[in-house]
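Written out below as structure tokens is the structure these notes cover.
Bear in mind these aren't lab numbers, they're just calculated from the coordinates by the rules spelled out. Since this is a predicted model, take the numbers as computed values, not measurements. Positions of Cβ are generated from backbone atoms using ideal geometry, with glycine treated the same way; all protein chains shown enter the neighbour counts.
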Amino acid sequence: MFHKTLLGATIGDVITSVIATASEAGINVFDYFTTLQREKEQGKAHPEDYLPWNYLANSSIT
């Protein structure tokens, strides 16, 4: 994948890594990203609950 800037490449790397991690954890990636967007304030307050490996275990999210 090609990016215009180093920042764009860095952001692309982070997103790709999160997608791969969520997929390995057995999470529907589309639903995961949708939840992150819908619950962004809670995610800022408690980011550990929204990590891919904690996402399914957190009953208040799913």
Round to the nearest 10 and give me the degree value, 0 to 90, for the angle of helix 29-38's Cα axis relative to the longest principal axis of the chain. 80
Kindly give Rg over Rh for the chain, based on alpha-carbon atoms, with the Kirkwood expression for the hydrodynamic radius. 1.02
Nearest 500 deg cm²/dmol is fine: what mean residue ellipticity at 222 nm does the chain get from its DSSP H runs of n ≥ 4 alone, each adding -39,500 (n - 2.57), divided by its residue count? -18500 deg cm²/dmol
Give me the net charge for the shell around Asn58: Cβ to Cβ below 11 angstrom, other residues only, Lys and Arg +1, Asp and Glu -1. -3
Estimated dipole of the chain in Debye, rounded to 20 [Cβ of Lys and Arg +1, of Asp and Glu -1, Cα centre]: 220
Charge dipole of the chain about the Cα centre (unit charges at C-beta), most positive-ward option of Ile27, Leu6, Asn54: Leu6
Non-local residues with an amide H under 5 Å from the amide H of Leu56, with H modelled 1.01 Å from N and Pro and chain starts lacking one, are none
